[in-house]
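Working notes, beginning with the structure itself.
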Amino acid sequence: MSNLETIAESYQTALKKITKRIIVCAGTGCVANGSLQVYDALLKEAKDLKIAVVINLEKENKGVFLSKSACQGLCQRGPRVIISPDGILYTKVKPEDAKEILERSVLKNEVIERLCYNEEGKHYKGLAEIPFFNKQCRIVTKQCGFIDPENIDEYISEGGYKAAQKVCKTMDAKQVCDLITEANLRGKGGGGFPAGKKWEATRIQKEPKKYVICNGDEGDPGAFMDRSVMEGNPHSVIEGMIIASKGVGADEGYVYVRTEYAFAVERMKKAVKEAQARGILGKNIFDSGHDFTLHVMEGAGAFVCGEATAMIASIEGKRGMPKPKPPRVSESGLWGKPTVLNNVETFASVPYIINEGIEAFKKIGPANSPGTKTFALTGYVKNSGLIEVPFGTTLRHIIFDIAGGVVNSKGEVEEGAFKAVQIGGPSGGCLTAEHLDLPIDFDSIKKIDAMVGSGGLVVMNQGNCMVNAAKFFMQFTQNESCGKCVLCREGTKQMLLMLEDITTGRATPDTLVYLEQLARTVKKGSLCGLGQAAPNPVLSTLKYFRHEYEAHINEKKCPAGECKDLSNYYITDKCRGCTLCSLKCPAKAISGEQRKKHSIDQNKCLKCGVCITVCKFQAIEKK
């Protein structure tokens, strides 16, 4: 029996003595909403109720096992608690619910309906019943939210590190690279370059010293896919990196995590220490003769450090700025040595391919992009959060089946509310209703001048101004430009100024001509991917929503009513003359007698929207 089998058997034996398991989500979102207080309350109430609680699982322990997990994906419904093996999921749990959970669900095996996920009056007992979950296909995130990310034994008991052990003990470097190439695993952090080709290009280099780097520097606005995997299952990332190190002949690696990801940093560091203690990292791992040492490095949060050469410069202690290519990092990367660099999700996908086989992997998704992709789904949808679906899934399925539809400004699902979705963050592009049935894979999205990117999906409704959306992303990329090349440094700044002119009514028809010309120039001439992709939101919104740009310029009007400088507030005949709006107006722009229709002085109006918020009769409109 191998060491892994011994650890797995010991853990499973201990688990069999447990009567119930309570799993409290300790992902970033749930912790922000108070899940750690829920955990503490469960501990306290269990003691008061004289319930034997197990925190550290050992063979001799008996009782209720209380553990923490990380994000399951339905972020807006946290804090979440799972009762196992009953498969019960409780959402929006508060510390004061702890006693009832223990008394009813643990001691009496009852389901507390008011804490269950509910939708349109229907209560769902567990994850398997909830459309948000049962319409997904989870591989990378399958164990996130269920296993304790800070317990290597639990990962091993679920089959963890078997793939790494198999590769290290039974395969040579070329076999590993050939297998990943045949599986057609494509890098999931940006453009979808085949991972096998990247590994092979590194493997064939004659230099004996090589490195493996994991890109955990996720910087897109609203993106949290890699963070969730590092928080929820850090050992899957380490295992993928071990397999890559065997494939390319590397003996050292780095996990580069942005320092803002406090839990991800903490759990990755702990996972590395645990793996070292178990002999899974270090010298002669698995008694295979293969050495692999792993470090966790915190990045300063610069978006440009997501680019390979900028990240390498940062690891070397230099300012994170990109370099021209060639040479590729596979030829001259970290400290001038051959380096393979993939993102978190790519590495976490590798153990599945080894364990389940190439054919099983290729059955998921289309032939040109097999496997799954995680997306951070945000914006105006009923259910936002982290999802994982096969490549080739349509936007319609994601937005209307998994997310439950598009909501209006009041948070109500409304037919026809969908306007667009920004895919791939500031590096991506805007997709419209005509793209709802387009399969999401690297090649299909590229054909319409967009990109999957790292996996951000921001859904917009009819109340969103597309010019303002383009300005938001341009503001981000302009702030994040490293300044090395003139086109990116100055071009993004000038594009932002032109977008501000458009949204404030100062633009002329020539502005639109100059904006489009400059966007194409910056896209063509910038040094790295940040600058080359920076114009994408502008170009895609110009392509599909040019009429909105023209309305801003020619009519001095924002069709969506979102741009404050181009909107006016009017009091309609619904006004009852209650005077509440005039009392609350900070500019004293509203006047009128009691019980008579009021009016707004447009010269004084700050367009802050306070009047709309306080009006009880919906008598104020923005046009």
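The values are calculated or read from the model by the stated rules, or taken from the named source; none is laboratory data. Bear in mind the structure is a predicted one, so any value in this text is a computation, not a measurement. Heads up, the Cβs are rebuilt from the backbone with ideal geometry, glycines too, and the neighbour counts pull from every protein chain shown.
Quick notes on this structure:
- Residue ID - nearest to the chain's Cα centre (by Cα), chosen from residues in region 519-577 that are within 15 Å of K471 (Cα to Cα) and among the aromatic types (F, W, Y): F545
- Residue satisfying all of: in region 586-598; out of contact with any Asp or Glu (no Cβ under 6 Å at 6 or more places or on another chain) and surrounded by 13 or more Cβ atoms within 10 Å (Cβ to Cβ); farthest from G561 (Cα to Cα) among these: G592
- Considering residues of region 326-359 that are touching a strand residue (DSSP E or B) at 6+ places or on another chain (Cβ under 6 Å) and among the polar types (S, T, N, Q) only, the residue surrounded by the fewest Cβ atoms within 10 Å (Cβ to Cβ): N343
Quick grid of which residues meet (1) in a strand (DSSP E or B); (2) among the charged types (D, E, K, R); (3) under 24 Å from F472 (Cβ atoms):
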| site | (1), (2), (3) |
| --- | --- |
| A551 | no, no, yes |
| S582 | no, no, no |
| K604 | no, yes, no |
| C608 | no, no, yes |
| Q618 | no, no, no |
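- The residue that is surrounded by the fewest Cβ atoms within 10 Å (Cβ to Cβ), counting only those in region 20-34 that are among the aliphatic types (A, V, I, L, M) and closer than 13 Å to C144 by Cα, is I23.
- Here region 535-567 is the region considered, the condition is being without any contact (Cβ under 8 Å) to a residue 60 or more places away in the chain and in contact with a Lys or Arg (Cβ under 6 Å, 6 or more places away or on another chain), and the residue that is nearest to T511 (Cα to Cα) is A551.
- Residue-level check: of (1) under 28 Å from the mean Cα position of the chain (by Cα); (2) closer than 26 Å to E154 by Cα; (3) basic (K, R), K197 misses just (2).
- Remark: T346 matches the filter, which requires a residue to be among the hydroxyl-bearing types (S, T, Y), touching a helix residue (DSSP H, G or I) at 6+ places or on another chain (Cβ under 7 Å), at pLDDT 95 or above and in the same structural domain as I204 (by TED's automatic domain parsing).
- Residues in region 372-394 that are touching a residue at least 60 places away in the same chain (Cβ under 8 Å) and of a type in the set (A, V, I, L, M, F, W, C): F375, A376, L377, V381, L386, I387, V389.
- In region 108-152, residue farthest from A271 (Cα to Cα) [restricted to those that are in a strand (DSSP E or B) and charged (D, E, K, R)]: K122
- Number of the exception - I315 against (1) touching a residue at least 12 places away in the same chain (Cβ under 8 Å); (2) more than 17 Å from I243 (Cβ to Cβ); (3) surrounded by fewer than 17 Cβ atoms within 10 Å (Cβ to Cβ); (4) more than 21 Å from the chain's Cα centre (by Cα): (3)
- The residue that is surrounded by the fewest Cβ atoms within 10 Å (Cβ to Cβ), among those in region 360-390 that are basic (K, R) and under 19 Å from the mean Cα position of the chain (by Cα), is K382.
- Residue ID - farthest from R77 (Cα to Cα), chosen from residues in region 368-416 that are in a loop (DSSP other than H, G, I, E, B) and charged (D, E, K, R): E415
- The one condition from (1) closer than 30 Å to F224 by Cα; (2) part of a strand (DSSP E or B) that K20 does not meet is (1).
- Whenever a residue of region 25-39 is in a loop (DSSP other than H, G, I, E, B) and at pLDDT 90 or above, its partners that are surrounded by fewer than 22 Cβ atoms within 10 Å (Cβ to Cβ) and among the charged types (D, E, K, R), lying with C-beta atoms within less than 6 angstrom and at least six residues away or across chains, give the pairs A26/K68.
- Any pair with Cβ under 6 angstrom, 6 or more apart, that starts in region 63-92 at a residue that is without any contact (Cβ under 8 Å) to a residue 40 or more places away in the chain and ends at one that is part of a helix (DSSP H, G or I) and not basic (K, R): Y90/L115
- A single entry from S105, S84 fulfils the requirement of being farther than 30 Å from A262 by Cβ, surrounded by 14 or more Cβ atoms within 10 Å (Cβ to Cβ) and polar (S, T, N, Q): S105.
The rows are residues; the columns are (1) among the aliphatic types (A, V, I, L, M); (2) within 26 Å of L487 (Cβ to Cβ).
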{"site": "N536", "(1), (2)": "no, yes"}
{"site": "L539", "(1), (2)": "yes, yes"}
{"site": "E555", "(1), (2)": "no, no"}
{"site": "G592", "(1), (2)": "no, no"}
{"site": "R595", "(1), (2)": "no, no"}
{"site": "K607", "(1), (2)": "no, no"}
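- Any hit, region 410-433, residues being crowded, with 17+ Cβ neighbours inside 10 Å, hydroxyl-bearing (S, T, Y), touching a residue at least 40 places away in the same chain (Cβ under 8 Å) and closer than 19 Å to N461 by Cα: yes
- Flag if D443 is in a helix (DSSP H, G or I) and touching a residue at least 60 places away in the same chain (Cβ under 8 Å): yes
- Enumeration of residues in region 485-525 that are within 28 Å of P324 (Cα to Cα) and not in a helix (DSSP H, G or I): C485
- Region 266-301, subset β-branched (V, I, T) and either surrounded by fewer than 23 Cβ atoms within 10 Å (Cβ to Cβ) or in a strand (DSSP E or B) (or both), residue farthest from the chain's Cα centre (by Cα): I285
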